[in-house]
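What follows is calculated from the coordinates using simple rules that are stated; it is not laboratory data. On a predicted model such as this, the values are computed, not experimentally measured, just so you know. In this analysis, Cβ positions are derived from the backbone assuming ideal geometry, glycine residues included, and neighbour counts consider all displayed protein chains.
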Amino acid sequence: MDRTATPTTAPIGESREPGRFGSVARRATDALARIRPEVWVLIAVSALLNLWAIDQNGWANEYYSAAVRSMSESWHNFLYGSFDAAGVMTVDKPPLALWVQALSVRVFGFSSAAILVPQALMGVASAVLVYDLTRRFFGRLAGSVAGFVFALTPITVAIFRHNNPDALLVLLSVAALWFVVRGFEDGRTRWLLLASLMVGLGFETKMGAALLLLPGLALAWFWVAPGGNRMRAFLQLLAAGGVALAAALAWPVFVSLTPAASRPWISGTADNSIWSLIMDYNGVGRVAGQAGGPGGMGGSGGMGSVFGGGTGFFRLLGASLGGQIGWLVGLAVAGLGLVAAQTRMHRDDPRTGWLIATGGVFLTIAVVFSFASGIFHPYYVAQLAPFVAALCGAAVAALVSIKGNLRPLAIPAVAMAVVAEIVVMHNTDAGYGWLVPILIAVGVAAAVVLTRAEEQRLRTFAAIGLAAALMIVSAIWSVQTLGHATSGTFPAGGPESQSMGGPGGGPGGAGGPGGTGGAPGGMGSSGQSFPTPPSGMSLPSGMSPPSGMALPGLNGSGQSGSSTGSSGLPGGMPGGTGSSPGGFGGGPGGMGGEDLSAAIATAEANGGGNIAVSGQQSAAGSVIQGSGDSDVNVVALGGFSGRESEVDVGWLAGRVADGDVRWVLTDGSGGGVPADGRTGSSELMAAVSEVCEPVEMESGSTGSDSASSTSAATANPTSGSDSSDSNLIYDCAGKASALAAQ
């Protein structure tokens, strides 16, 4: 049997024969002593990449940072994942990842570090788990390759320096695979139950994305039947399914059993149903597209880059995804084939279960991501990274141990790995053309040695050399990620030209009202082309072209947003970053910081009360800043950009009656992106303008604001709502009954 190592049963740091009466300190010391040197190096490298200058990322995705602040200040908001302090609307994801961040904030105070450091530590833990789950069946060399491939994947560096939920999703995905792999060794049910718990918690993190693990893990367990009996394996899977279902549905059931009047509106839905969020917005809609949503935006540049480029078998090697995940995909696929050839998928070979589990999850995620035509963003591929890395480690072990008539397989395996990397280099225009002949030379030399040499040491050297050569650009891109802010909605690894930005600041950037504007849509980074609208079409409300670009048919000045929002935060809180260089001005809600500052000043001068805007991203800066001594909070009614949630007027009437909303700023009711046909809060805003009392807004900013920013209406005067409403805010106090009658 072709093997490079015999599976071990003791996980990293666990003593095989712990002293029954030994002290906790002694056992902890023994555990640390058992950690191998390469693991310490892996921990150091991963921690360095994830934590170095992490403060430059500010509030990262301000949408989630705003929610974390609201959730950390109220247990009601915490339980329901409320975006705003008033508990008016949730975020568009389940709250588990934000619970971790909010608990950290409750312990350490509201700061960028309290939000981002836990994310970075998740990356370190994930790297160690990738190492160990590969080491157990392929040896220390394979484990080391897997761990370092994972740690040096550009998108993993970016995502673990960011506050999007994907960091926790990746950790839970790796943990689920680790528990299944651990269960292959002794067949105990508890390992499978723990794996299913991780999948359930992954569902509570990012809903349907976690379900992509199930086919591979379940098939592997049933095929291998580690307890020796397929019926027993089937019953174990049924029990595991129950655990996963209970964990996954705990929060949705809790929300669904809560009366709608006693909880926030579910963002991303038209009917305020958690089940709609699960099935459509975060489910089928992500893969097949949502009704009226901006799915299917392929292409290699412009909007297509934010939505992952065109679909197809080679999407993972394309311009949008290749630089983030594709560098070693060829080696991973080669590893899958080599191990399958070595094991012949025999149940009695311990590597078979590992291959079906790891390879099955890899193939499931890769196929879904390659053909997803809904709302799909490049950073989603972070979930694929641990499985690519593990298969790369297995590939190195297989190349070293391959024997007999299987040796010629090393030639196509090496060729696949080298060609895939060259394709990614070409598609991303990475500027490393000088490396191509080196890769080819290393590949040819490795293929010759691996097919002809008998000496184990020489074969090991050839496999390591090949893996190292393939990792060069990926490692460079990972390090380059540290040189610029990884902020906004769409984190990306690599040089700054790859950054896709997104709404890094709400109105007024990171500092809330008065700061410099963040970028809606995430399209303004250098190196990202801006889509030219068809003749006669204007950009969506709140959007303006990058600096220096004149778009046909637009009369705007084309001013760009600043890359960094001014702080304006009390107590020395770090100012968040806006979009990447060249971002748009204003926020997706169609208003700039100047508009919202004036609205806050007006509300404060007229008895206070909460202000409702269309898009949550427009309100993020103000939510982060907090109300201070004022009784004015900013809430949102239309979901993330103002188009995702179709809130009915009757619901708003109830919120007005309860005092959660008094003022409504209707100017620019929803930005969005081209091809987005969702109406969001537009009908609601129309009803408000008919029923509520218009009030001319105060000029200037409030005392809590540090600066004013250029409004989106100034940057793009042809978009947004009617100019007659541009200086009006609507007072809905006492209008609940009239609104309900609409």
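Label-to-label distance for residue 107 and residue 629 is 3.4 nm, based on points extended 7 Å past Cα in the beta-carbon direction. Cα gyration tensor of the range 309-389, axes a ≥ b ≥ c as square roots of the eigenvalues: rounded (a/c below 1.5), prolate (a/b > b/c) or oblate? Taking the square roots of the gyration eigenvalues as a ≥ b ≥ c, the range 309-389 is prolate. Electrostatic tally near residue 454: other residues with Cβ closer than 14 Å to its Cβ, Lys and Arg +1, Asp and Glu -1, net +4. Across the range 147-227, the relative contact order, built from alpha-carbon pairs under 8 Å that are at least six residues apart, equals 29 percent. Listing 732, 392 from fewest to most neighbouring C-beta atoms within 10 Å gives 732, 392.
Need one word for the range 127-226: rounded, prolate or oblate. Basis is the Cα gyration tensor (sqrt eigenvalues a ≥ b ≥ c); a/c below 1.5 gives rounded, then a/b vs b/c decides. The shape class here is oblate.
What order do you get for 113-126, 483-496 when each peptide is scored by the mean count of other beta carbon atoms within 10 Å, highest first?
Sorting 113-126, 483-496 by mean packing, highest first, produces 483-496, 113-126.
A full extension of the chain between residue 415 and residue 250 corresponds to an added length of 54.6 nm, given 0.36 nm per residue minus the alpha carbon distance.
Couplings 3J(HN,Hα) for the range 373-390, derived from phi with the Karplus relation 6.51 cos²θ - 1.76 cosθ + 1.60 (θ = phi - 60°), are 10, x, 7, 10, 10, x, 5, 4, 5, 4, 5, 7, 4, x, 7, 4, 5, 4 Hz, where x marks Gly and Pro.
Per-peptide packing, taken as the mean over residues of other Cβ atoms within 10 Å, places 255-266, 655-666 in the sequence 655-666, 255-266 from highest down. In this structure, the amide hydrogen of residue 634, modeled 1.01 Å from its nitrogen in the peptide plane, lies closer than 5 angstrom to those of 611, counting only residues at least 5 positions away or on a different chain. Net charge of the neighbourhood of residue 44, taken over other residues with C-beta under 14 Å away and scored Lys/Arg +1, Asp/Glu -1, is 0. Between residue 52 and residue 25, full extension at 0.36 nm per residue minus the direct alpha carbon distance yields a gain of 6.7 nm. According to the square roots a ≥ b ≥ c of the eigenvalues of the Cα gyration tensor, what is the shape class of the range 615-669, taking rounded for a/c under 1.5, prolate for a/b larger than b/c otherwise, and oblate for the remainder? Because a/c hits 1.5 or more and a/b fails to exceed b/c, the range 615-669 counts as oblate. Dividing the Cα radius of gyration of the range 37-479 by its Kirkwood radius returns 0.98 for Rg/Rh.
Before anything else, pin down the relative contact order of the range 37-479: Cα pairs under 8 Å, at least 6 apart, normalised by residue count, whole percent.
18 percent
Mean sequence separation of contacting Cα pairs (under 8 Å, at least six apart), scaled by the length of the range 107-163, corresponds to a relative contact order of 42 percent.
Distance between the modelled labels on residue 407 and residue 33, one decimal in nanometres: 4.4 nm (7 Å Cα→Cβ projection).
Taking the average, over residues, of other Cβ atoms within 10 Å as the packing measure, peptides 192-199, 163-170, 102-109, 440-447 rank 163-170, 192-199, 440-447, 102-109 from highest down. Here the average projected area of the convex hull drawn through the C-alpha atoms of the range 150-280 stands at 9.5 nm². The 3J(HN,Hα) values that the Karplus relation (6.51, -1.76, 1.60; θ = phi - 60°) gives for the range 228-234 are, in residue order, x, 9, 5, 5, 4, 4, 5 Hz. Gly and Pro appear as x. Between amide H atoms placed 1.01 Å from N, distances below 5 Å from residue 318 occur with no residue 5 or more places distant or on a separate chain. Take the Cα of residue 444, step 7 Å toward its Cβ, do the same at residue 239, and the gap between the two points is 5.8 nm. Rounded to 0.05, the FRET efficiency of the residue 313 and residue 340 pair, given R0 = 25 Å and the Cβ-Cβ distance, is 0.85. In order along the range 86-102, the Karplus-derived 3J(HN,Hα) couplings, from 6.51 cos²θ - 1.76 cosθ + 1.60 at θ = phi - 60°, round to 7, x, 8, 8, 7, 7, 8, 9, x, x, 4, 4, 6, 4, 4, 5, 5 Hz, and Gly and Pro are given as x. For residue 140, neighbours were defined as the other residues whose beta-carbon sits under 11 Å from its Cβ, and their charges (Lys and Arg +1, Asp and Glu -1) total +1.
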